[in-house]
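Trainee: Here it is, the structure, as structure tokens.
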Amino acid sequence: MADPSSYRPAPGQIPDSPGVYKFRDEHRRVIYVGKAKSLRQRLANYFQPLVNLHPRTATMVTTAASVEWTVVSTEVEALQLEYSWIKEYDPRFNVKYRDDKSYPYLAVTLNEEFPRVQVMRGHKKKGVRYFGPYAHAWAIRETVDLMLRVFPVRTCSAGVFRNAASAGRPCLLGYIGKCAAPCVGRVTPEEHRELAGEFCDFMAGRTGTYLRRLEKRMTEAAEEMEYERAARLRDDIEALRKAMEKSAVVLADATDADLIALAQDELEAAVQIFHVRGGRVRGQRGWVTDKVEAVDTAGLVEHALQQLYGEESGDTVPKEVLVPELPDDAEAVTAWLTARRGSGVSLRVPRRGDKKDLLETVARNAQQALVLHKTKRAGDLTTRSRALEEIAEALELDTAPLRIECFDISHLQGEDVVASMVVFEDGLPRRSEYRRFQIKGFEGQDDVRSMHEVISRRFKRYLAEKERTGEWEAEEPGEAPEETGRSRRFAYPPQLVVVDGGQPQVAAARRALDELGIDDVAVCGLAKRLEEVWLPGDDDPVVLPRSSEGLYLLQRVRDTAHDFAIRYQRSKRTKRLRSSPLDAVPGLGDTRKQALIKHFGSVKRLKQATIDQICEVPGIGRKTAETVAAALAAAAPAAPAVNTATGEILEDDEGATL
């Protein structure tokens, strides 16, 4: 635990101007990012006596080992830089809202010649119009099914569209009138795009004008005694009204707004957002976060706004944002939102009327979400804590192993030998820290030597990063530590290394650490046969009860490493089996390889071709043709290809393709 006074800057060094500051730990990792109107006043608050600080703030400043800052011109710039750094460094003591799932959107692909209506999740794409998010994908499909009667826009995939176009017959939706069938030319691209535009206008809330237009056309058809057309228009109107009923009117003035509400306790906070477009609730989403920093409601609102709109622009930022409490720098946040949208944004707290009532509804949803989250997580937190405590007790560790790394070796009869490293922090997998290794030190099958090599390579990298960050003096004069603060590979040591295996693998891992002078990392092995835990130098294993949560966590860590290693080994084996003599030709890319195989039909026929014949392939010059011919002439004959289903040896013409 660091003493904050050891790295406290002198008061005269800190500027009295707006800026953003970073606290770093002993490994130079950024652990907290903040902004301030006055850096001098804000940073002074962190260096009070620890008894005067909030417990979370005290934990942060004692974990930190240094502080630095960047001066900016305005508070808006400080807000933008703070968001960028939080996104880049992922500081552990900053509040970060994490979606509990990937929400589905109704998307219209206006970037295609024939726009398609579909359900989309994940990253938003340029040229696609999005509506939502929705709580469930089935809700989108029900709405679209009703609207296709009036707006028969394409919904099929690219493959189905191409098949229908080549066959000259539309799919079922085309036959029943729920698709305009642009695949067979029933409508022109311009007419289909106009249909897609009307669909988007209706979804954007401009419903009244379109319904009145349909009602007028229905009346005209009835007056002209075209009763069939009038009946179709009547059914269209009914379908659209049913679609509109699925998102009830909540604000009578056709408002476009996002309503954000919070529910919180001492440890956690839940956020709920209702997306209202055209006076109707078009989507809902929610987040839950640990309150790892001392933050009030205004601060939580500011963090939510940053993470909700940090990647958005244009109309996806609404004209109005309603919140339970304004952020401390409300003017700066409003200016930032206005810049994201490109036009004015109103950020306010509703005091009366329908908007206040709706915000109370959102708050009730947030409270329910927090209660549900706590119900689900209570057992999980307790179980993980108990598991870590049981491991620490069984292995006689000083503290619970908050970071566990597990290593496994995988191969197929001594070929394609690889290793995996998986990381669990606080009992949960940290997938961004997973790593893969190729065994380079020797050929053949030797799990013990492989484990020694992998552990050595991993911790050599750790020592190199430790030296590079300046945690100890650089060996060469003039070397400066890297001051990026970004998470680097192998930069942080575990408290426990788990290897998949018994005594020999554990001994190899311990020997590798001893050779590097690392004595503060515990090692154990988990043998699959009896699920015994082996420690270095012990003749007898540690046997944990079968019902032990600690054993269950070790099994999960070991199985995760095993699966990760097998996937990597299989991918390498597949890549090797798919190799071709053409891979050895320098400067020959995949496109020209495919062109050669397509032209000659197989590698065997390509070997028999003359240089002049090779030059006939588009994109292949004479020099390249000579290189290809020389490489194929020098290549060793390939092993015969085998049909794995029948055991039949295939002819070269069948099996030697790329």
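Trainee: Treat each spin label as a single point 7 Å out from the Cα along the C-beta direction, and report the Leu463 to Asp426 distance in nm.
Mentor: Label at Leu463, label at Asp426, 3.2 nm between them.
Trainee: Pulled fully out, how much extra length does the chain show between Arg622 and Arg556, if you take 0.36 nm times their separation in residues and subtract their Cα-Cα distance? Please list the in-between numbers first.
Mentor: Details: separation 66, 0.36 × 66 = 23.76 nm, distance 5.72 nm.
Answer, rounded to one decimal: 18.0 nm.
Trainee: Given the pairs Lys124/Lys319; Lys124/Lys178; Lys37/Lys125; Lys440/Lys598, which are separated by over 24 angstrom at their Cα positions? Could the numbers behind the result be given before it?
Mentor: Details: Lys124/Lys319 20 Å; Lys124/Lys178 27 Å; Lys37/Lys125 36 Å; Lys440/Lys598 36 Å.
The pairs that break the limit, which is 24 Å between Cα atoms, are Lys124/Lys178; Lys37/Lys125; Lys440/Lys598.
Trainee: Need one number: nm distance between label points at Glu311 and Ala595, each 7 Å from Cα along Cα→Cβ, rounded to one decimal.
Mentor: Each label point lies 7 Å from its Cα, and together they span 3.8 nm.
Trainee: Let me ask another. Please list Arg154, Arg217, Arg430 from largest to smallest accessible area, probe radius 1.4 Å, with all protein chains kept in place. Write out the running numbers ahead of the final one.
Mentor: Numbers: Arg154 15, Arg217 100, Arg430 75 Å².
Result of the area sort, largest leading: Arg217, Arg430, Arg154.
Trainee: Around Ala230, with a cut-off of 11 angstrom between Cβ atoms, what is the net charge of the other residues, counting Lys and Arg +1 and Asp and Glu -1? The partial results should precede the final answer.
Mentor: Working: positive: Arg217, Arg229, Arg232, Arg234; negative: Glu215, Glu220, Glu223, Glu224, Glu226, Glu228, Asp235, Asp236.
Neighbour charge sum, excluding Ala230 itself: -4.
Trainee: Here's a follow-up. When the Karplus curve 6.51 cos²θ - 1.76 cosθ + 1.60 is applied with θ = phi - 60°, which whole-Hz ³J(HN,Hα) does each residue of the range 355-365 get, with x for Gly and Pro?
Mentor: Here the 3J(HN,Hα) series is 5, 5, 5, 5, 5, 5, 5, 4, 5, 5, 5 Hz.
Trainee: Right, here's the next one. Give the residue from Tyr32, His54, Gln118 lying farthest towards the positive end of the charge dipole for the range 1-124; charges sit on Cβ (+1 for Lys and Arg, -1 for Asp and Glu) and the dipole is referred to the Cα centre.
Mentor: Going by the charge dipole, the pick is His54.
Trainee: Give the peptides 271-278, 356-363, 4-11 in descending order of average Cβ contacts within 10 Å, highest first.
Mentor: On the way: 271-278: 21.9, 356-363: 16.8, 4-11: 12.8.
Most protected by this proxy first, the peptides run 271-278, 356-363, 4-11.
Trainee: Suppose the chain between Val71 and Arg42 were pulled fully straight at 0.36 nm per residue; how much longer would it get relative to their current alpha carbon spacing? Please report the intermediate quantities before stating the final value.
Mentor: Values: separation 29, 0.36 × 29 = 10.44 nm, distance 1.32 nm.
Between Val71 and Arg42, full extension yields an extra 9.1 nm.
Trainee: Any chance you could check the Cα centroid distance between the range 275-338 and the range 552-573 for me, in angstrom?
Mentor: 40
Trainee: Further, regarding this structure: Take the residue pairs Lys126/Lys572; Lys87/Lys291; Lys87/Lys126 and return only those whose Cα atoms are more than 27 Å apart. Before the final figure, lay out each step's value.
Mentor: Working: Lys126/Lys572 35 Å; Lys87/Lys291 17 Å; Lys87/Lys126 21 Å.
Beyond 27 Å between Cα atoms: Lys126/Lys572.
Trainee: If Glu425, Glu224, Glu320 are ordered by their accessible area, calculated over protein heavy atoms with a 1.4 Å probe, which sequence runs from highest to lowest? All intermediate terms of the calculation are to be shown ahead of the outcome.
Mentor: Numbers: Glu425 50, Glu224 110, Glu320 25 Å².
Ranking Glu425, Glu224, Glu320 by accessible area, largest first, yields Glu224, Glu425, Glu320.
Trainee: While we're here: Quick one: how many Å² of Trp534 are accessible to a 1.4 Å probe, rounded to 10?
Mentor: 30
Trainee: Let me ask something else about it. Compute the distance in nm between two label points, each set 7 Å from the Cα along the Cα-to-Cβ direction, one at Asp290 and one at Ala339.
Mentor: 3.2
Trainee: If you count, for each residue, the other Cβ atoms within 10 Å and average over each peptide, how do 57-64, 293-300, 449-456 line up from highest to lowest? Don't jump to the answer; show the numbers that get you there.
Mentor: On the way: 57-64: 19.4, 293-300: 17.1, 449-456: 22.6.
Put in order of decreasing packing, that is 449-456, 57-64, 293-300.
Trainee: Something else now. Please compute the length gained on full extension between Tyr210 and Arg567, using 0.36 nm multiplied by the number of residues separating them and subtracting their Cα-Cα distance.
Mentor: On the way: separation 357, 0.36 × 357 = 128.52 nm, distance 5.40 nm.
Contour length minus Cα-Cα distance gives 123.1 nm.
Trainee: Hey, another quick one. Taking a label point 7 Å from the Cα of Asp328 along the Cα→Cβ vector, which residues of the range 1-39 have an amide N closer than 15 Å to it?
Mentor: 17-22, 33-39
The values are calculated or read from the model by the stated rules, or taken from the named source; none is laboratory data. Here the structure is a predicted model, which means the values were calculated and not measured. Cβ: placed from backbone, ideal geometry, glycine included. Neighbour counts: every protein chain shown. Each accessible area value is taken on the protein alone, full model and side chains, heavy atoms only, with ligands, DNA and RNA left out. Shrake-Rupley method; radii C 1.70, N 1.55, O 1.52, S 1.80 Å.
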